[in-house]
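The values are calculated or read from the model by the stated rules, or taken from the named source; none is laboratory data. Nothing here was measured: the structure is a model prediction, and the numbers come from that model. Here the Cβ positions follow ideal geometry from the backbone for every residue, glycine too, while neighbour counts run over all protein chains shown.
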């Protein structure tokens, strides 16, 4: 039985691939896409979700726009990685997929509360929408099957030395999500940096020969250029699809139990996901933390999803 998910995202190049994997994987039932400000402003991330869905032929999944700013802080974006549009690289046509009138927070609450407890939340951007949904309707915490998020790190960050981007954009929201009594899996940089899109991956995608595959190649080329300039990495890590892969095929992403807390007050460490892998703090584990990616099988899953969405009539 495919796993029902709501993908909460801020597209973003790797978010675009997460959307493709979520819709193209036979193990996933994508029931909704919600957008949040993060990699770019909300108007841009929502437009980008529409663009990706248009190119991928995703016409039956609602897209709901969410929060335009973090809970208490000014918005920080990542134009240095994703460009001014948030999805630079391809030449995008006019999107053909509409945006729902329903706010993302209300969509999350309604979908979860009307479900049989089988909805998994997969947030791959700042956690503002999720935290506000919890605040507005606390009963969703008991109703959600699990939360599998892309964010954080067991070691260093990528936006500051201490903090990963999704978490530092809204650390108060992240702290609320990690402290809630629901199952949480953290798919952080220590895992996603294992998902580099090397030349062999790009050529596999290119060889599919579909319009969607061509768009993905263009996305990966742009993403590679900015990642190399910003971090010196030769192959861009596709962070967000790793969280989707954990839901689709859990065996692709190995995890351990750990206590995780988000730093919200540190002068230099705000947004850090303090991850106690050895029990030194004496706290019971509150999350599963991703540690090992089975890279070849992950890319098989990703390429298969791109191929599936490129088929006529799909």
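For the range 250-279, the set of residues classified as touching a residue at least 12 places away in the same chain (Cβ under 8 Å) and part of a helix (DSSP H, G or I) consists of 251, 252, listed by residue number.
Within the range 61-82, the set of residues being closer than 27 Å to residue 231 by Cα, touching a helix residue (DSSP H, G or I) at 6+ places or on another chain (Cβ under 7 Å) and buried (at least 18 other Cβ atoms within 10 Å of the Cβ) comprises 70, 78, 81, 82. The residues on offer are 35, 54, 45, 41, and the sole one that is at pLDDT 95 or above, within 28 Å of residue 224 (Cβ to Cβ), surrounded by fewer than 20 Cβ atoms within 10 Å (Cβ to Cβ) and within 17 Å of the chain's Cα centre (by Cα) is 41. As a summary of the residue check, residue 282 satisfies the conditions (1) touching a residue at least 12 places away in the same chain (Cβ under 8 Å); (2) part of a loop (DSSP other than H, G, I, E, B) except for the one numbered (1). Going by the conditions given, is residue 123 surrounded by 23 or more Cβ atoms within 10 Å (Cβ to Cβ) and either closer than 16 Å to residue 4 by Cα or out of contact with any strand residue (DSSP E or B) (no Cβ under 7 Å at 6 or more places or on another chain) (or both)? For residue 123, the condition - surrounded by 23 or more Cβ atoms within 10 Å (Cβ to Cβ) and either closer than 16 Å to residue 4 by Cα or out of contact with any strand residue (DSSP E or B) (no Cβ under 7 Å at 6 or more places or on another chain) (or both) - is met. Counted as qualifying within the range 133-235 are the helices (runs of 4 or more DSSP H) with 1 or more residues that are without any contact (Cβ under 8 Å) to a residue 40 or more places away in the chain and either surrounded by fewer than 20 Cβ atoms within 10 Å (Cβ to Cβ) or on the phi > 0 side of the Ramachandran plot (or both), namely 140-143, 199-206, 211-231. Of note, residue 68 does not satisfy the criterion of being outside any helix (DSSP H, G or I), modelled with pLDDT of 95 or more and more than 27 Å from residue 168 (Cα to Cα).
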